[in-house]
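Read through the structure below, which is laid out as structure tokens, and then see the notes.
The values are calculated or read from the model by the stated rules, or taken from the named source; none is laboratory data. Every value quoted in this text rests on a predicted model; they were computed, and no experiment measured them. Backbone-built Cβ (ideal geometry, glycine too); neighbour counts: all protein chains shown. In case anyone asks, the SASA skips ligands and DNA or RNA and just uses the protein heavy atoms, side chains included. Shrake-Rupley method; radii C 1.70, N 1.55, O 1.52, S 1.80 Å.
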Amino acid sequence: MNSAVLEERQDQVHRIGEGEFAMACNRDSLAGAVSQRACVFCGSRVVLYPIADALHLVHGPIGCAVYTWDIRGALSSGPELHRMSFSTDLQEKDVIFGGEKKLAAALSELIDRHSPKAAFVYSTCIVGLIGDDVESVCRKMSAEKGIPVIPVQSEGFKGNKREGYAAACKAMMRLVGTGDISGISPLSLNILGDFNLAGEIWIIRGYLERMGIQTVANVTGDGRVNDICRAHGAALNVVQCSGSTMDLALMMKEQFGTPFIRASYLGIEDMAESLYAIAEFFKDQDPGIVARTQDVVRDELSRLMPELGQYRKDLEGKRAAIYVGGAFKAFSLIKAFRHLGMKVVLVGSQTGTQEDYEELASIADPGTVIVDDSNPLELSAFIKEQGVDIFVGGVKERPIAYKLGVGFCDHNHERKRALEGFEGMLNFAQEVHSTVMSPVWRFTPRWGKNVAQGSGPREE
Amino acid sequence: MESSNYVSTTNACKLCTPLGASLAFRGIEDCVPFLHGSQGCATYMRRYIISHFREPMDIASSALGEKQAVFGGGPNLKKGLLNVMKKYGAKVVGVATTCLTETIGDDVPSILDEFRKEFADLPLPAIVHAATPSYSGTHADGWREAMRATVDALVVDQVEANGTVNIFPSLISCEDTRHLKDIFTSYGVKATILPDLSETLDGPVLEDYRPIPSGGTPLSAIRAMSGARASIELGRTLAGLPTAGRVLADRFAIPRHSLGLPIGLRETDALCKVLEELSGREMPREMQLERGRLVDALVDGHKYIFGKRAVVYGEEDLVIGLVSFLSEIGVRPVLAATGGKGKAFGRAIEAVTRDILPEPCRAVEGVDFHDIAEQAQELAPDLMVGHSKGYSYAKEWNVPLVRVGFPIHDRFGGQRTLHVGYRGAQTMLDRVINAVLDKTQTDNPIGYGYL
Ligand code: SF4
Ligand code: SF4
């Protein structure tokens with residue numbers, strides 16, 4: 001085993017081809033290890049943030065709000081209230097005497113100023129400690145202002161991102177079922193777990209429209225409160241991402257009987273399969289939908305494939321490392337890299353489950369390293385050992401890759417380029433190409449050294 | 001002092017206290033910044049810092065969960081320290097508390113004492129503890145407190161006089177630190193600057209990842225501060241606050257010079273004057289030339305910017321320096337705003353503008369961007385000077401934003417922005433004038449080729 005791995009973390013790392021697969025995951029982060037993980041609040045914020053006509057008030061000291069100010073490229077076609085950062089900015093006296101009054105006053109002030117369609121109030125760590133009754137403040141403000149004011153129980157220390165997703169889903173569930181559902185087509189669905197980064201949800205909605213399907217609610221990219229209120233009128237929930245909105249789908253199934261299917265919009269197969277699965281669901285009602293879906297896929301592919309081939313010529317044989325938030329993304333990325341002729345040699349996630357990792361292990365090549373909740377030291381050791389040409393991760397991983405002279409692709413919530421859908425695959429290829437093929441690596445110290453087993457930088 | 005009229009905070013113009021402390025701890029050699037609190041805070045701050053510096057920024061965390069929040073974070077803190085020792089081989093660990101641990105009332109000094117006793121058989125790092133709850137203070141306070149605590153904890157023995165000068169700047173860029181060092185060297189002054197981010201957050205590309213980046217103020221140099229002949233603190237609000245310089249003055253009677261951040265002509269002159277006294281040397285010719293070129297440029301450029309109305313915002317000491325500089329070049333700072341409060345901000349703004357501005361510059365503290373925007377509406381600014389978070393407002397008002405300070409998240413090279421010294425003033429003058437010219441040219445249908 002790699003010496004960069006703390007002993008207590010040995011069972012959170014696995015190498016394909018070395019013994020039985022077993023992986024410990026979903027543990028609390030280890031004290032003193034620099035985890036790439038965030039908190040419950042972060043999880044809730046990520047999920048609810050793109051709802052563009054809601055007020056998002058962070059109840060707590062300033063940091064938690066200011067670090068999430070407009071941090072993601074979740075686009076809106078209309079209101080942009082979500083791009084502002086609102087906080088109660090608790091001060092010492094609030095911590096001592098309680099923050100309820102301040103919360104009520106802040107809510108009142110902000111609701112009057114912005115007339116949002118709903119307000120979400122996020123509890124941060126401190127609020128969990130000082131014991132504010134956020135629920136009752138919200139109830140009161142809701143009655144006073146005539147809009148839903150919804151508490152999100154996202155005290156940071158009460159777990160990790162995953163608990164935050166659940167809290168966000170619970171919060172949204174208070175809206176679902178409260179709206180008027182007349183006029184919704186029988187061929188209709190909600191898109192769950194897509195955040196419209198760089199306009200991605202618009203791409204997906206475009207495909208669905210061509211298939212003849214109405215989208216009722218975007219959950220939550222380019223999201224609107226009223227759409228979420230009538231989401232129970234849709235015939236189907238299509239859930240992307242294993243973590244973030246699955247709870248909502250499960251709750252809606254239980255309460256409203258809305259069936260759901262899983263989908264992924266990253267990479268060619270997954271995108272096409274997702275559309276076919278949706279067509280399959282509706283084909284009894286509208287037999288023509290299958291042919292229309294085939295047309296969409298054929299159209300898109302005939303445009304995409306020749307262009308992709310250009311990039312593949314250069315990228316064939318290069319080696320990639322993936323470290324992302326949810327494991328679902330890793331599956332799609334492995335396949336996407338294969339289309340570019342590339343090999344994934346390291347893959348990991350912050351919040352994968354046992355099943356996620358088993359599935360990863362089953363599609364990964366021998367020799368691939370799989371890690372759960374990793375840290376910079378570990379990641380850098382594996383990058384080096386595996387001779388990686390490109391690292392795919394979030395903004396916190398970028399400097400590690402660059403410091404070692406390795407290419408990088410931002411595949412996280414902050415990306416500014418659409419990577420979903422068929423056209424997203426092309427963007428992805430361009431992204432990968434623009435970093436792997438750059439001439440700058442030859443000036444870095446890694447170049448010319450015998451980098452482990454990789455195809456990585458070498459003198460030619 | 002004017003302040004905000006609202007209860008809620010919208011788009012804050014400050015960051016939280018432990019972020020400042022973590023940044024400052026990053027400027028000590030072989031030091032790992034360590035947040036005692038829950039995991040989320042550390043992760044958010046790392047992300048925020050990395051987006052500016054584009055460098056690795058590890059911040060360890062005691063990663064408290066629900067149990068520890070109830071029963072106390074001591075065991076996690078100890079365990080975290082051991083892990084940091086093992087993985088990083090740190091010589092110094094800078095422990096900053098967070099809102100969580102301050103609220104549950106963890107007694108960090110006693111926990112650390114216990115830790116030192118419990119593991120006395122191990123080669124322990126120096127552990128510094130800074131109390132940094134965000135519900136009182138901002139990142140500027142965190143920075144200052146981290147350095148005060150460092151000196152308080154590490155400079156305990158009187159060493160022999162060594163003729164050095166201790167320098168304690170408020171938050172400045174990596175490039176600023178490099179330039180300051182050059183200035184001291186050119187005067188022949190041996191200086192220990194704390195903290196020193198010049199290499200730790202702006203280092204070369206590597207073959208092997210270093211758990212802790214090279215650079216930073218060495219522990220030995222910090223310990224030797226008791227033998228210095230003087231301390232210079234750079235930042236006008238520091239004079240009235242508990243600082244590292246004050247600890248050294250109280251404990252070792254080291255004379256303490258309180259200056260502003262050397263931004264612009266007059267504040268740099270003030271620094272040079274002290275350096276002349278300390279070194280017994282005249283201003284080196286190279287600097288004289290820089291100063292001369294700067295004044296020459298002020299003359300060449302004055303008309304482009306005369307009377308332009310500027311809104312300036314950010315940390316207190318930076319804003320004071322910028323306002324001083326802008327007043328010198330003929331720009332009219334109409335609003336000086338900061339998210340911090342309770343310091344001598346208004347008085348300092350008044351002091352640097354009194355004899356040069358025709359009308360006083362409005363100074364406001366404890367404000368957010370909503371307050372700034374509201375005031376700016378009536379002030380009709382021509383430009384904004386501050387960090388990148390003012391961008392959406394500059395865009396809305398269609399005025400140029402000259403990006404300075406921290407953070408700069410939407411441009412390249414924030415860590416290499418030079419603000420201090422005559423050279424820094426020269427760079428900023430060029431940038432301010434070019435921002436105005438750029439706007440003139442863009443707005444003008446004729447498209448003048450000479451401006
Ligand atoms: S809890 Fe305090 S320390 Fe943590 S991010 Fe929020 S303000 Fe900063
Ligand atoms: S861990 Fe708690 S205090 Fe820190 S960012 Fe998350 S919610 Fe805020």
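Between A:Glu254 and A:Asp295, the FRET efficiency from the beta-carbon distance, with R0 = 35 Å, is close to 0.45. Summed over qualifying helices (DSSP H, 4 residues or more, each -39500 (n - 2.57)) and divided by its residue number, chain A shows a 222 nm mean residue ellipticity of -12500 deg cm²/dmol.
One decimal place: the segment B:Glu66-B:Phe412 gains 120.6 nm when fully extended, by the rule 0.36 nm per residue minus the C-alpha distance. Does a label point 7 Å from the Cα of B:Asp107, set along Cα-to-beta-carbon, have any residues of region B:69-86 with amide nitrogen under 20 Å, and which are they? Residues B:69-79 qualify, since their backbone N sits under 20 Å from the label point.
Close amide-amide hydrogen proximity is noted between B:Arg309 and B:Arg332, B:Asp382, B:Leu383, each under 5 Å apart and 5 or more residues distant or on a separate chain (H modeled in the peptide plane; Pro and chain starts excluded). Here the spin labels are modelled as points 7 Å beyond Cα on the Cα-Cβ line, and at A:Arg312 and B:Asp300 they lie 5.7 nm apart. Between the amide H of A:Ala263 and those of A:Val239, A:Gln240, A:Cys241, distances stay under 5 Å, these residues lying 5 or more places away or on another chain, with hydrogens modeled in the peptide plane.
Against chain A, whose longest principal axis comes from its Cα atoms, helix A:327-339 is set at around 40 degrees. For the pair region B:246-280 / region A:31-69, the C-alpha centres are spaced 42 Å from each other. Couplings for region A:264-269, taken from phi via the Karplus curve 6.51 cos²θ - 1.76 cosθ + 1.60 with θ = phi - 60°, read 9, 9, 9, x, 6, 4 Hz in order; Gly and Pro are left as x.
Whole-Hz Karplus values for region A:366-381 come out as x, x, 5, 8, 10, 10, 10, 6, 8, 9, x, 4, 4, 4, 5, 5 Hz, taken residue by residue from phi with 6.51 cos²θ - 1.76 cosθ + 1.60 and θ = phi - 60°; glycine and proline positions read x.
Backbone N atoms of region A:172-203 closer than 14 Å to the 7 Å Cα→Cβ label point of A:Ile261 belong to residues A:187-192. Of the trypsin sites (Lys or Arg not before Pro) found in region B:125-232, those that fall in a DSSP loop while having at most 16 other beta-carbon atoms within 10 Å are B:Lys190, B:Arg229. Tally Lys/Arg at +1 and Asp/Glu at -1 over every other residue whose Cβ is under 13 Å from the Cβ of A:Val344; what's the total? Net charge around A:Val344: +4. For helix A:289-315, report the angle its Cα long axis makes with the longest principal axis of the Cα atoms of chain A; keep it between 0 and 90° and round to the nearest 10°. Compared with the principal axis, the helix lies near 50 degrees. The magnitude of the dipole of the protein assembly as shown, with charges of +1 and -1 set on the Cβ of Lys/Arg and Asp/Glu and taken from the Cα centre, is near 960 debye. The long axis of helix A:354-363 is offset from the longest Cα principal axis of chain A by roughly 30 degrees.
Under a 5 Å amide H cut-off, with hydrogens placed 1.01 Å from N, A:Phe408 pairs with A:Phe391 among residues at least 5 apart or on other chains. Think of it as helices only: each DSSP H run of n ≥ 4 in chain B is worth -39500 (n - 2.57), and spread over all residues that comes to -14000 deg cm²/dmol at 222 nm. Normalised by the number of residues in chain B, the mean separation of alpha-carbon contacts (under 8 Å, six or more apart) gives a relative contact order of 18 percent. Between chain A and chain B, roughly 5700 Å² of accessible surface gets buried, counting both sides and using a 1.4 Å probe.
At a Förster radius of 35 Å, what calculated FRET efficiency corresponds to the Cβ-Cβ distance of B:Arg362 and A:Lys145, to the nearest 0.05? Efficiency, rounded to the nearest 0.05: 0.55. Within the shell defined by Cβ-Cβ distances under 12 Å, the residues around B:Ala351 carry a net charge of +1, with Lys and Arg each +1 and Asp and Glu each -1.
Mean separation of Cα pairs under 8 Å and 6 or more residues apart, divided by the residue count, gives region A:188-299 a relative contact order of 25 percent. Estimated at 0.36 nm per residue, the fully extended path between A:Ala277 and A:Gln430 surpasses their Cα-Cα distance by 52.3 nm. Note on B:Leu289/B:Ala249: beta-carbon distance plugged into 1/(1 + (r/R0)^6) with R0 of 30 Å gives a FRET efficiency of 0.30.
For chain A, the relative contact order works out to 17 percent when only alpha carbon pairs closer than 8 Å and six or more residues apart are counted. Under 17 Å from a point 7 Å along the Cα-to-Cβ line of B:Gln441: which residues of region B:305-344 have their amide N that close? Correct set: B:305. Averaging Cα coordinates gives a centre for region B:300-350 and one for region A:259-289; these two points are 59 Å apart.
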